[in-house]
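Participant: Below: one structure in structure tokens.
The values are calculated or read from the model by the stated rules, or taken from the named source; none is laboratory data. On a predicted model such as this, the values are computed, not experimentally measured, just so you know. FYI the Cβ positions are ideal-geometry reconstructions off the backbone, even for glycines, and counts take in every protein chain you see.
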Amino acid sequence: MTRLGGSGDGRTDGPGDDLRSVAREIAHAVDGLAELWSVAAQDASLRLSPHQLRALRLLEAEPELNLTALAQGMGIGTPTASRLCDRLEAAGLVTRLLHPYDRREVRLVLTGTGRQVLGEVADRRSQALAEVLAGMDPVAREALRRGLRAFPPARTGEAGETGDGPG
């Protein structure tokens, strides 16, 4: 529990409150990472919005999605996804292909330029992150790596199954 008296320094007494404190610190770090990510992406040869980058990444991960599946994957409406794809197609990053067996269905496919832009953004983001990591103490950097590896299984409830213990 948070101390009601005292200096108001935000220190906590209980493990639950300590987790919230850690969560706030991580959220702050994630905000910094998101800003670093965004700036690095904007330095690419073709400036894309976060929504556009997300759409391209989804199409890279799941080739030939249709518009409805892309909209669902992004959590947006189909008309919004359609306008987004119009802009990506106009930029030469995505092409629309008719489904070979169902002419009413249109599949979305990354172009070579789309793949190139995604690669450039990924390279710029990795470089920006590497520069930050280079400024960290090696022990802290390794602790961060271990913590990040433990996050996905903890998020999905498979925490004890990684075999990635301390040390």
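Participant: Would you pick out the residues in the range 60-79 that are in contact with a helix residue (DSSP H, G or I) (Cβ under 7 Å, 6 or more places away or on another chain) and part of a helix (DSSP H, G or I)?
Facilitator: Within the range 60-79, 60, 67, 68, 70, 71, 73, 74, 78 qualify.
Participant: Let me ask you something else. Considering (1) in a helix (DSSP H, G or I); (2) closer than 28 Å to residue 148 by Cα; (3) hydrophobic (A, V, I, L, M, F, W, C), say which one residue 84 fails and leave the rest.
Facilitator: (2)
Participant: A further question follows. Sort through 148, 129 and tell me the only one that's under 18 Å from the mean Cα position of the chain (by Cα) and surrounded by fewer than 11 Cβ atoms within 10 Å (Cβ to Cβ). Step through it out loud before you land on a result.
Facilitator: Numbers: 129 fails: surrounded by fewer than 11 Cβ atoms within 10 Å (Cβ to Cβ).
After applying the criteria, what remains is 148.
Participant: Next up: Consider residue 121 carefully, then state whether it is within 18 Å of residue 46 (Cα to Cα) and touching a Leu at 6+ places or on another chain (Cβ under 8 Å). Don't jump to the end; show me each part of the working.
Facilitator: Details: within 18 Å of residue 46 (Cα to Cα): yes; touching a Leu at 6+ places or on another chain (Cβ under 8 Å): yes.
Yes: the conditions hold for residue 121.
Participant: Another question, then. Any chance you could count how many residues in the range 57-86 are under 14 Å from residue 109 (Cα atoms), charged (D, E, K, R) and free of Cβ contacts under 8 Å to residues at least 60 places away in the same chain?
Facilitator: 4
Participant: Step by step: first the residues of the range 82-99, then only those that are more than 16 Å from residue 60 (Cα to Cα) and of a type outside the set (Ser, Thr, Tyr), then the one that is modelled with the lowest pLDDT. Which residue is that?
Facilitator: 99
Participant: Can you go through 154, 128, 140 and tell me which one is touching an Asp or Glu at 6+ places or on another chain (Cβ under 9 Å), over 18 Å from residue 54 (Cβ atoms) and assigned to a helix (DSSP H, G or I)?
Facilitator: Numbers: 154 fails: touching an Asp or Glu at 6+ places or on another chain (Cβ under 9 Å); 140 fails: touching an Asp or Glu at 6+ places or on another chain (Cβ under 9 Å).
None of the other options fit; the residue is 128.
Participant: Looking at (1) assigned to a helix (DSSP H, G or I); (2) farther than 19 Å from residue 47 by Cβ; (3) among the hydroxyl-bearing types (Ser, Thr, Tyr), which is the only condition residue 113 fails?
Facilitator: Residue 113 satisfies all of (1) assigned to a helix (DSSP H, G or I); (2) farther than 19 Å from residue 47 by Cβ; (3) among the hydroxyl-bearing types (Ser, Thr, Tyr) except (2).
Participant: What tally of residues in the range 49-87 results from selecting those that are small (Gly, Ala, Ser), touching a Gly at 6+ places or on another chain (Cβ under 8 Å) and surrounded by fewer than 13 Cβ atoms within 10 Å (Cβ to Cβ)?
Facilitator: The total comes to 0.
Participant: Still on this model: Checking residue 90 against (1) over 27 Å from residue 36 (Cβ atoms); (2) surrounded by 14 or more Cβ atoms within 10 Å (Cβ to Cβ); (3) of a type in the set (A, V, I, L, M, F, W, C); (4) out of contact with any Lys or Arg (no Cβ under 8 Å at 6 or more places or on another chain): exactly one of these is not met. Which one?
Facilitator: It is condition (2) that residue 90 fails.
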